[in-house]
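**Student:** Questions regarding the structure given below will be posed in turn.
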């Protein structure tokens, strides 16, 4: 099985937790990095980042990051975090997220998708 690089999500999560990406393939996708960019002049908080199994609901039992403060005009990469690196999403699994201040944080989630 070969893996190809993919961008899973690019955008600004809302202030209420919602699905950012849902795995629709019958194969697997691996999350390699989550890049968080604060585009404001004040600190901003990534409230939640959850990996939710198919049929599950977002919440603390699926949390991989929460309450993560990002300094003003700063960018943070979670690639070195054991919580994110190499997470495998199977069919129906989803990445959910939210932030405290609307339009403050921009997330880019990259990974590798399996294909035959």
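We did not get these values from a lab; they are worked out from the coordinates using the rules stated. Nothing here was measured: the structure is a model prediction, and the numbers come from that model. When we count neighbours, we look across all protein chains shown, and the Cβ atoms used for this are built from the backbone with ideal geometry, even at glycine.
**Student:** By counting other Cβ atoms within 10 Å of each Cβ, how are 115, 62 ranked from fewest to most?
**Tutor:** Lowest count first: 115, 62.
**Student:** How big, on average over all directions, is the shadow cast by the Cα convex hull of the chain, in nm²?
**Tutor:** Seen from a random direction, the Cα hull of the chain projects 6.6 nm² on average.
**Student:** What is the order of 89, 107, fewest Cβ neighbours within 10 Å to most?
**Tutor:** 107, 89
**Student:** Residues of the stretch 72-114 with amide nitrogen under 19 Å from the 7 Å Cα-to-Cβ point of residue 24?
**Tutor:** From the stretch 72-114, the list is 89-97, 109-114.
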